[in-house]
Amino acid sequence: MRNLNKVINNPKFYTYGVVFLVFLRLFLNAFVPLMDKTEARYAEIARVMAETNNWITPQIDYGIPFWAKPPLSVWLSALSIKIFGVNEFAVRLPSFLLSLVLVVIIGKFAEKKNRPFFLSGFILLTLPEFLLHAGVVSTDTALAFCITFIFLTFWKAVNKPKVSYWSYLMFISIGLGLLTKGPIVLILTIPPIILWLIYFKEYKTILNKFPWILGPLITLLIATPWYYVAELRTKGFLDYFIVGEHFKRYFDPSWHGDKYGNPKSQAFGIIWVFLFIVAIPWIQIVAIKAWKLRKDLVKNKWVLFLLLWLLWTPLFFTVSTSLLHTYTLPVMVPIALLTQYFWEKIENKKAVILTSLIFPFLILITLAFSLFNNNLERYSNTDKYLLKETIGTTDLNLYYLSDKSYSSQFYSKGKIKSISEEILKQKVNEEEVFKIIIPNKFINNLNLIGYKLYFY
């Protein structure tokens, strides 16, 4: 135990811990296939963008626009594909790099008090939700990145005597956030900032700390050109995206305008359950310490700023009828910073640290075992392995019964085609040689009696 105490009190432990977790995430990025639906979907959108050089209209398939999200994260993945080719590592690289920037940058913002620089980064990477998304192809990592920069640049700017470059960085971050997931970036940042300003009566002092004409203009110059051109390319885009995706989707899980999948109806307040699971054990530490020290914390500008940042997102999504656990990702940074702030008051650090490392080691052990026993191929929700013999083939006679999966589109580089049961029977009658992927749900009901098929 004494040796363990020496280890966790050594700043190098957290540096090495961050290095280990970063390489673990890189290993996952390189060896774990793209999973259906979400990750493979955004990967395929990026692949099509890189192939067609259509940087304005994201496409879920050739000629079919995808208007559920703005394109910033897709741009980054498509650019990475242009540089490194069509593979998992390339399409995941932007998300990984954004996560790595957050790991480093929060070390600069954490209140040190002789604590290790990478302590907050270590805490961040041991949060299950953050570690999982530090390489997943989606819009959530980029959104969390932009939200983090809005909050942190605001904090820096408001503590400067006059307008500084931090003020401009905040407006740039807002513009990028609008290109990442739309107006939701304002909904998740502006209310807690306003509450903080009102509580500490700082609303007057900020008038001379932000460029209130040039700043919003910078935001508009970053975000609005794409929105304008997107509406020109596809009439009705703004109505679908702003009204549908931001309001109807929030309140109505049966929203019929959803073109890209049915949102799940969740129980009231389930976001808090998600939060206390995906941020274990650090969110429990923060909750306990914040409650015990609540009388003193309400006077601390920095801590209350972080608490409002942490609490607002789950509060906002408490009444939402459509949400996922990934909606908690923007609050992983304040959890890490608050834990770092409470560090000296955590009694049993050894137990907490060991608990925090359970999830990363479970991932490592599971992945190693799966690769060694080929279980990853057997149980992965992906069509990569079904297509491994066709990858690299230029002339494919390849079909997918019913709606093709996103992973089959990505790994076949868009060559796979959807086919109905009737067309399948016609092709069999014509004695045409082809390959087809048939999802399990269709096997039992597939009527192919009298037809000769070869399975291999």
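A short reminder: the numbers here are calculations on the coordinates, not readings from a lab. What you are looking at is a predicted structure, and each value in this text was computed from that prediction instead of being measured. Cβ coordinates were reconstructed from backbone atoms using ideal geometry, including for glycine residues, and neighbour counts include every protein chain displayed.
A Cβ-based charge dipole, computed about the Cα centre of the range 2-369 with Lys and Arg at +1 and Asp and Glu at -1, lands at about 1560 debye. Among the chymotrypsin sites (Phe, Trp or Tyr not before Pro) within the range 1-74, those in coil by DSSP and having at most 12 neighbouring Cβ atoms inside 10 Å are TYR62.
Quick check on the range 112-212: take the gyration tensor over C-alpha atoms, sort the square-rooted eigenvalues as a ≥ b ≥ c, and tell me if it's rounded (a/c under 1.5), prolate or oblate.
Values: a/c = 2.12, a/b = 1.36, b/c = 1.56.
It comes out oblate by the Cα gyration axes.
In terms of distances greater than 24 angstrom between alpha carbons, the cross-link table entries LYS69/LYS301; LYS160/LYS181; LYS201/LYS299; LYS417/LYS441; LYS209/LYS299 yield LYS69/LYS301; LYS160/LYS181. DSSP bridge analysis restricted to the chain gives an antiparallel fraction near 40%, rounded to the nearest 5. Taking GluC sites (Glu not before Pro) in DSSP loop conformation with at most 15 other Cβ atoms inside 10 Å as exposed sites, the chain has its longest uninterrupted site-free stretch at 203-346.
Grab the beta carbon distance between ILE190 and SER418, set R0 = 56 Å, and tell me the FRET efficiency rounded to 0.05.
Values: r = 43 Å, r/R0 = 0.77.
Taking R0 as 56 Å, the efficiency between ILE190 and SER418 is 0.85.
The ranking of ASP36, ASP296 from fewest to most other beta carbons within 10 Å of each one's beta carbon is ASP296, ASP36. Exposed loop sites here mean trypsin sites (Lys or Arg not before Pro) with a DSSP loop assignment and at most 15 other beta-carbon atoms within 10 Å; the chain contains its longest site-free run at 300-387.
Please list the helices of the chain that count as membrane-span-like by this rule: a mean Kyte-Doolittle hydropathy of at least 0.5 together with Cα atoms stretching 20 Å or more along the helix axis, each helix being a complete DSSP H run. Intermediate results must be reported in sequence, preceding the final value.
Details: long enough: 11-31 (31 Å, 1.26); 38-52 (21 Å, -0.29); 88-109 (32 Å, 1.80); 140-158 (27 Å, 1.55); 165-180 (22 Å, 1.39); 214-233 (29 Å, 0.97); 301-317 (25 Å, 1.78); 358-373 (22 Å, 2.19).
Answer set is 11-31, 88-109, 140-158, 165-180, 214-233, 301-317, 358-373.
Estimated purely from DSSP H runs of n ≥ 4, each contributing -39500 (n - 2.57), the mean residue ellipticity at 222 nm for the chain is -17500 deg cm²/dmol once divided by its residues. Please report the spacing between the Cα centers of the range 178-218 and the range 22-64 in Å, no decimals. Rounded to whole Å, the Cα centres lie 33 Å apart. Taking only the C-alpha atoms of the range 11-74, Rg followed by Dmax gives 16.6, 53 Å.
If you look at the Cα atoms of the chain, you get an Rg and a Dmax of 24.3, 83 Å.
Would you mind checking the range 122-155 for residues with the amide N under 19 Å from a putative spin-label position 7 Å along Cα→C-beta of ILE8? So the set is 122-128.
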